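One structure is given below, encoded as structure tokens.
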Amino acid sequence: MSVDRLDYYSKGLVERFRAFERLIEHDPHQRNNVSFLQIAPPTRSDIDAYRDIRLQLEAESGRINGRYAELDWTPIRLSTGNTSARCWRRCSARRTSILSRRCATA
């Protein structure tokens with residue numbers, strides 16, 4: 001999980017997505033076992049440069065998800081809205097619980 005404001009483009013958000021893609025490309029056993037959650041709340045959506053960053057992140061995550069996603073697994077989850085931390089903790093806990101059950105039955 002990574003949390004960064006969208007105006008922090010220099011932190012390499014697209015590069016993180018590509019690094020995660022390399023992980024699941026080179027280690028197929030990781031597919032359906034790990035996901036990348038990027039929370040990127042907007043700071044100034046009225047500025048074209050920040051809107052462009054959001055669009056680039058959405059395109060990159062869509063490309064990667066289109067290539068690797070399965071019916072019950074999405075490699076990259078991107079949130080660029082104003083999602084509360086409590087909501088993401090609940091989502092993360094639920095995903096961990098699902099993964100634990102899946103690993104226990106494998």
Across (1) loosely packed, with under 11 Cβ neighbours inside 10 Å; (2) at pLDDT 95 or above, residue 101 clears everything bar (2)
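Just give me the residues in the stretch 32-73 being part of a loop (DSSP other than H, G, I, E, B) and surrounded by 16 or more Cβ atoms within 10 Å (Cβ to Cβ), in sequence order. Explain how you work it out, then say what you get.
Step one: filter the stretch 32-73 for residues part of a loop (DSSP other than H, G, I, E, B), giving 32-35, 40-47, 69, 71-72.
Correct list: 32, 35, 40, 42.
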When every residue in the stretch 1-16 that is of a type outside the set (Asp, Glu) and either out of contact with any helix residue (DSSP H, G or I) (no Cβ under 7 Å at 6 or more places or on another chain) or modelled with pLDDT of 95 or more (or both) is compared, the one surrounded by the most Cβ atoms within 10 Å (Cβ to Cβ) is 16
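The values are calculated or read from the model by the stated rules, or taken from the named source; none is laboratory data. These numbers were taken from a predicted model, which means no experiment stands behind them. In this analysis, Cβ positions are derived from the backbone assuming ideal geometry, glycine residues included, and neighbour counts consider all displayed protein chains.
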